[in-house]
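Let me begin by presenting the structure, written as structure tokens, before commenting on it.
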Amino acid sequence: MATNYVSDGQTAQHTAAADISSGDVVVLGATGDATIGVAMTNIANGATGTVRVRGVFSLPKADAAVITAGESVVWDSSAGAFDDNQATPASGDVSGSAVAMESKGATTGENILIMLTGVPGTLTA
């Protein structure tokens, strides 16, 4: 193996600015480009922990969103849920970094299978 190999690129280390629970969506990036990840363990405020940036997860879906499998989705930070690609991103939202792996209609309180691509999307300022 190459002596400069670091990791498989599936995870990143993240220092929490507030307490993060295992399974929470984490936005990696401050302005412009950002990647979405999921905390693999609880990460206390100020501590560093592992965030997975690639893979399929069951994550919250915005109640009114109608999402089709294969559609890129928007992480709506204020709702704490994924919205369809027709949503207008607001401050803190990330678009272009995740894809729906199943179709779901406008239902309340459901999760949806989301593939995190590890590719930077756009973080709306």
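The values are calculated or read from the model by the stated rules, or taken from the named source; none is laboratory data. Please read these numbers as outputs of a predicted model, since none were measured by experiment. Note that we place each Cβ from the backbone using ideal geometry, even for glycine, and neighbour counts take in every protein chain shown.
Data overview
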{"item": "Condition met for residue 63 (more than 13 Å from the chain's Cα centre (by Cα) and surrounded by fewer than 21 Cβ atoms within 10 Å (Cβ to Cβ))", "result": "yes"}
{"item": "Condition check for residue 48: crowded, with 20+ Cβ neighbours inside 10 Å, under 23 Å from residue 8 (Cα atoms) and polar (S, T, N, Q)", "result": "no"}
{"item": "Wholly enclosed strands (runs of 3 or more DSSP E) of region 79-125 bearing at least 3 residues more than 22 Å from residue 31 (Cα to Cα)", "result": "111-117"}
{"item": "Residue among 73, 94 that alone is buried (at least 21 other Cβ atoms within 10 Å of the Cβ), over 15 Å from residue 11 (Cα atoms), out of contact with any Gly (no Cβ under 6 Å at 6 or more places or on another chain) and not acidic (Asp, Glu)", "result": "73"}
{"item": "Qualifying positions in region 20-57 - assigned to a loop (DSSP other than H, G, I, E, B) and either free of Cβ contacts under 8 Å to residues at least 12 places away in the same chain or on the phi > 0 side of the Ramachandran plot (or both)", "result": "23, 29, 46"}
{"item": "Count of residues meeting criterion [part of a loop (DSSP other than H, G, I, E, B), free of Cβ contacts under 8 Å to residues at least 40 places away in the same chain and within 23 Å of residue 82 (Cα to Cα)] in region 1-19", "result": "4"}
{"item": "Filter result for the condition that a residue is in a loop (DSSP other than H, G, I, E, B), touching an Asp or Glu at 6+ places or on another chain (Cβ under 9 Å) and at pLDDT 95 or above, over 64, 69", "result": "69"}
